[in-house]
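Read the figures in this text as sums done on the coordinates, not as results from a lab. In this text the structure is predicted, and so the values were computed from the model without any measurement. Positions of Cβ are backbone-derived with ideal geometry, glycine not excepted, and every protein chain shown enters the neighbour counts.
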Amino acid sequence: MLDKVKSLGIDAVEMTAGGWAGCPHVKRQELLDSESARIAFMAELESRGMEIAALNCSGNPLSPGEMGERHTASTYDTIRLAGLLGVKKVVMMSGCPAGAPGDQTPNWITSTVSWPDYMAPALAYQWDEVAIPWWKAFVAHCEAHGVTQIAIEEFPCMLVYNPATLLRLREAVGPVVGINLDPSHLIAMGADPIASARALKGAIHHIHGKDARIERGLADINGLLETQPVTAAETRTWNYVAVGCGQDLQWWKEFFSVCRMGGYDGHVSLEMEDLTMSVEAGVLTSVDALKQTISR
């Protein structure tokens, strides 16, 4: 994998260490248990002139029941591993709790709390009784292990899904928490990621290079609230696409420029989720677009 990545002119990788995703390249428990395994692991990167941009542990640690317990354990372990590897940044999602004590399913509230009357107390419970206490304890764990940046992806179906919710959590728990600014999610929700980047000045901890396209004619009929599977690209009102296939290259140049003006001068991690082309074609398309739009 590293040789393929290096051949594309890439010198840093974001590596998954827990959460929902499989972790084929990071054997977390083995690396936690063995110093020699950690030395060998880092040597594979260093021998190629590469580094770890961030570890990733995207899951739902605020979920009720077994999932929340499992994802909490993997996030805490990922922070421990990051500390042992000298990695200062971990990419995560905020998690999304249930709407009330005893509920068994996470509840993503995206409508006005004015009505029905159960909406406001449900959202208050999620923030005040679940999310903020969990994140305060977790930030203390990060600080104890030398992790200085937790980059939260503004992912749909999570409590933090836009700049306002990110800044709310950051204000409550401190500047260790910032955003993993993924423009694709903001585009899919109808926001302007360039305006979002301006509003997040000083709070951008990481960036994902991923595009989205609002599908002409379809979004005009049904709006952007979309529950079809991502495989139904032809009928969805929006789709994740290779970089440059949603927003043009001039847009991406402006986006990265504004992020830099806001204080971000770190890595951009490519994500390829365009189901209209092969994985390799999508990666090559995106790499080419990013090379043309990121000033180094």
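Annotations for the structure displayed:
- Full extension of the chain between Ile221 and Lys136 gives 26.4 nm of extra length, using 0.36 nm per residue less the Cα-Cα distance.
- Ranking of Thr227, Thr110, Thr16, Thr75 by neighbouring Cβ atoms within 10 Å, starting from the fewest: Thr227, Thr110, Thr16, Thr75.
- Simple spin-label estimate for Trp127 and Glu46 gives 4.6 nm between the two label positions (7 Å along the Cα-to-Cβ direction from each Cα).
- Sum of -39500 (n - 2.57) over DSSP H runs of 4+, divided by residues of the chain (222 nm, nearest 500): -12000 deg cm²/dmol
- Just checking the listed ones, Gly18, Gly83, Gly178: in the Gaussian network model of the chain with Cα springs under 10 Å, the one fluctuating most is Gly83.
- Gyration tensor (alpha-carbon) shape descriptor, region 41-96, a/c threshold 1.5: prolate
- Region 204-248 versus region 137-184: alpha-carbon centroid distance in Å: 24
- Taking 28 Å as the straight-line reach from the Cα of Lys4, the lysines in range (excluding those fewer than 8 positions away in the same chain) are Lys27, Lys88, Lys89, Lys210, Lys253, Lys291.
- Cβ-Cβ distance of Leu32 and Glu143, R₀ of 25 Å, FRET efficiency by 1/(1 + (r/R0)^6): the value works out to about 0.85.
- Of Leu169, Leu284, Leu181, the one that fluctuates the most in a GNM where the chain has Cα springs shorter than 10 Å: Leu284
- Residue exposure sequence - Glu226, Glu154 - by fewest surrounding Cβ within 10 Å: Glu226, Glu154
- When each of Asp128, Asp288, Asp265 is scored by the number of other beta-carbon atoms lying within 10 Å, the sequence from fewest to most is Asp265, Asp128, Asp288.
- Among the listed values (1) 66, 46, 39; (2) 59, 45, 36; (3) 51, 46, 36, the one matching Cα extents along the principal axes in Å as calculated from this structure is (2).
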